[in-house]
Amino acid sequence: MKEKLVAVLRNALRTCEQEGLWEAGTLPFIEVDWTKDSTHGDYASNIAMMLASRLKRKPRQIAETICQHLHDDEGIIEKTEIAGPGFINFFLKEAIWAGCLADVERQGARYGFADVGGGKKVQVEFVSANPTGPLHIGHARGAVVGDVLANVLAATNHDVFREYYINDAGNQMNNLGRSVLYRYRELQGQEVAFPENCYQGDYIKALASDIIARDGDVHLKKAEDDVIPLFTAYAAGVIMEGIKDDLGAFGIKFDLYFSERELYRDDGVAKLLRELEDKKFIYSDGDTLWFKTTDFGDEKDRVVVRQNGEPTYFAADIAYHRNKFSRGFDTVIDIWGADHHGYIPRMSAGVQALGYNKESLKVVLIQLVNLLRDGKPVAMSTRSGEFVTMREVVDEVGRDAARYNFLMRRSDSHLDFDLEVAKRQSNENPVYYVQYAHARICSILRTAGERQLKTPDYATTDFSRLVLPEEIGLMKMIIRFPEVLEGAAKMLEPHRLTFFLNDLAGMFHSYYNKNKVVSDDPALTAARLFLVIAIRVVLHNALTILGVSSPEKM
RNA sequence: GCCCCCGUAGCUCAGUAGGAUAGAGCAACGGAUUCCUAAUCCGUGUGCCGGGCGUUCGAAUCGCCCCGGGGGCACCA
């Protein structure tokens, strides 16, 4: 709907230019928004005010001229008004609202799937936790946001690829192997001083006993440096399988798990660094190699090869991003914890040095989750092994409630996650509020079925019977859904969908309490049934994008 | 010290790429169920949008300065 009005405005502006009413120039971005207040019409545009300074005329006068040149070929506009400082308010014909119901009927499970992506290839990389332990609550938020963002993009005609980057080449992995080895020795009765920087969780002991069960004591006599790689590989493998399993239980699947070690194959990282050196982005200060990230606005240059000859994590990350782009992605989206924000300028520099557009890399930051139980904070620390795993949360509160809760805030703001509240099936828990609306509609449809009413079709339904403000409001919400989805995709803000769902469910519940859908009036019943069926489709489509189920009964 | 994010109702937060009179949920209080599910609905309040200055026709939103909270400032990942 928005797009139609934008098109009408664009045509009007061209006509005005052609008729010489004002001098031609580049058209500003034409903005049309839905109004908050219905006395301002249904949609409004500020275009006249945007043009005012360039044309050096009064906004209201410009608005007037524009309105005189509007050609409403589709016949959607009832009237326009010029209001306030120069808004053009559009009042649409009432029949328009019912028209959206036809779209819902026709498109069904694809209703709302606006085409903003044009089939562009987008990669979303998320979670990407080291396989040094199970995923915990902090990973869960990034996992859901990444997954839903990918769904949102897929629903807006992007060719989406989900990827998990396994940081399995660094120091931390060595630490993991060492931790398991020490527990292994301990379990064999040796006296071991367990270092503080090793992983303390119980899962480490479990891994050690697995190795004992498999290999017995053969590793006791071997030198530490020889045996650690074995322990590391074993532990990482098992943990990674566990991670995949936990993600699966949360409804998250990846197209690819990409191992950092791939990057080092055939000397890949070193070759890349040499290429960048040829392009003069890298210099040496004697025994260290530096990347000139300051060329691209970073606050200081960054080390890519350390004094000991080892490449840094950043070096591998440049290689990884080149690998991504070489696979043909138009846009690469990285989902990172907010504590990595300082990393953005250098990563951006890396991407630009490789010759890719700055805009082709987007980073979404995920703020910390405060885990609470009945309002009291739950203490957590990975190293000490005191943490609540993602699996525990999903098992305790359920997949739907967990996912929905992680989507109720902007991802860059802190989130309080209260286990007790999330578990409670009450009005404190919005996921049930929305699902209940869906279940209620299903219940209405069951009643209609019992009364032998057939499902109404668009052609034979008399939508002029839908005259209540609530009914018009609901239809407007249905029309708005594609626009909300589009906004979520453009701004990479999946939380917009939960807010939309809460609004829609609220309007429906209110309507339900005041009005009977199935009544003695067949024509009215048909029209209302059609409306609630459309609402159900929108609820279902939006919930599906969130990865939350749409129950038919509750 | 430098950089980033945040500061909106008692609490938790929205506020649609600067728009018209700043919203919702929770909590509190009072009501609604012979009728499609009461996990619902209806009603009752509250705001120096942290503060100041500026840009603009117009600022919660943009810029600068302060105050307060969090995070980051590795040849760690």
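The values are calculated or read from the model by the stated rules, or taken from the named source; none is laboratory data. All values reported here derive from a predicted model rather than from experimental measurement. Cβ atoms come from the backbone with ideal geometry, glycine included; neighbour counts cover every protein chain shown.
Worth pointing out:
Conditions tested, residue by residue: (1) more than 16 Å from RNA strand B (Cβ to nearest atom); (2) more than 18 Å from the chain's Cα centre (by Cα); (3) crowded, with 22+ Cβ neighbours inside 10 Å.
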residue: A:91; (1), (2), (3): no, yes, no
residue: A:100; (1), (2), (3): yes, yes, no
residue: A:113; (1), (2), (3): yes, no, no
residue: A:116; (1), (2), (3): no, no, no
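- From the list A:271, A:300, A:280, the one residue that fits, being more than 12 Å from RNA strand B (Cβ to nearest atom) and not in a helix (DSSP H, G or I), is A:280.
- Test: residue in segment A:12-33 that is within 16 Å of RNA strand B (Cβ to nearest atom), hydrophobic (A, V, I, L, M, F, W, C), in a helix (DSSP H, G or I) and within 18 Å of residue A:80 (Cα to Cα): yes
- Residue count for segment A:399-421, restricted to those that are buried (at least 17 other Cβ atoms within 10 Å of the Cβ), part of a loop (DSSP other than H, G, I, E, B) and not polar (S, T, N, Q): 2.
- Test: residue A:458 is in a helix (DSSP H, G or I) and aromatic (Phe, Trp, Tyr): no
- Listed by first and then second residue, the pairs linking a residue in segment A:433-460 that is in contact (Cβ under 8 Å) with a residue 60 or more places away in the chain and more than 25 Å from residue A:401 (Cβ to Cβ) to a residue that is assigned to a helix (DSSP H, G or I) and more than 14 Å from RNA strand B (Cβ to nearest atom), with Cβ atoms under 6 Å apart and 6 or more places separating them unless they lie on different chains, are A:458/A:102; A:458/A:105.
- Residue within segment A:532-544 that is away from RNA strand B (no atom under 12 Å from the Cβ) and more than 25 Å from residue A:96 (Cα to Cα) present: yes
- Of all residues in segment A:327-367, those that are in a loop (DSSP other than H, G, I, E, B) and in contact with a His (Cβ under 6 Å, 6 or more places away or on another chain) total 1.
- Of residues in segment A:482-522 being part of a helix (DSSP H, G or I), more than 6 Å from RNA strand B (Cβ to nearest atom) and small (Gly, Ala, Ser), the one farthest from residue A:442 (Cα to Cα): A:489
- Residues located in segment A:1-32, provided they are of a type in the set (Val, Ile, Thr) and at pLDDT 80 or above: A:6, A:8, A:15, A:30, A:32
- Cβ pairs under 9 Å, 6+ apart, first in segment A:148-168 and within 11 Å of residue A:115 (Cα to Cα) and surrounded by fewer than 21 Cβ atoms within 10 Å (Cβ to Cβ), second among the β-branched types (Val, Ile, Thr) and at pLDDT 95 or above: A:154/A:122; A:154/A:160; A:154/A:545
- Qualifying residue in segment A:430-444 (condition: under 26 Å from residue A:154 (Cβ atoms) and in contact with a Cys (Cβ under 6 Å, 6 or more places away or on another chain)): no
- Among the residues of segment A:331-366, the ones that are touching an Asp or Glu at 6+ places or on another chain (Cβ under 9 Å) and acidic (Asp, Glu) come to 1 in all.
- Restricting attention to segment A:422-432 and to residues that are more than 8 Å from RNA strand B (Cβ to nearest atom) and in contact (Cβ under 8 Å) with a residue 12 or more places away in the chain, the residue that is nearest to residue A:368 (Cα to Cα) turns out to be A:422.
- Of all residues in segment A:303-325, those being in a loop (DSSP other than H, G, I, E, B) and among the basic types (Lys, Arg) number 1.
- Considering residues of segment A:442-455 that are under 38 Å from the mean Cα position of the chain (by Cα) and within 14 Å of RNA strand B (Cβ to nearest atom) only, the residue surrounded by the most Cβ atoms within 10 Å (Cβ to Cβ): A:448
- Scanning segment A:1-30 for residues that are farther than 15 Å from residue A:64 by Cβ and either touching a strand residue (DSSP E or B) at 6+ places or on another chain (Cβ under 6 Å) or among the hydroxyl-bearing types (Ser, Thr, Tyr) (or both) yields A:2, A:5, A:6, A:26.
- Residue A:367 meets the conditions (1) modelled with pLDDT of 90 or more; (2) within 20 Å of residue A:342 (Cα to Cα) in every case but one. The failed one is (1).
- Identity of the residue in segment A:47-77, closer than 23 Å to residue A:94 by Cα and either of a type in the set (D, E, K, R) or in a loop (DSSP other than H, G, I, E, B) (or both), that ends up nearest to RNA strand B (Cβ to nearest atom): A:70
- Hits in segment A:411-459 - residues which are in contact with a Pro (Cβ under 9 Å, 6 or more places away or on another chain) and under 30 Å from residue A:519 (Cα atoms): A:435, A:436, A:438, A:439, A:442, A:453
- Index of the failed condition, residue A:128 passing every other in (1) more than 15 Å from RNA strand B (Cβ to nearest atom); (2) at positive phi: (1)
- Yes/no for residue A:44 being buried (at least 19 other Cβ atoms within 10 Å of the Cβ), free of Cβ contacts under 8 Å to residues at least 60 places away in the same chain, within 16 Å of RNA strand B (Cβ to nearest atom) and of a type in the set (A, V, I, L, M, F, W, C): yes
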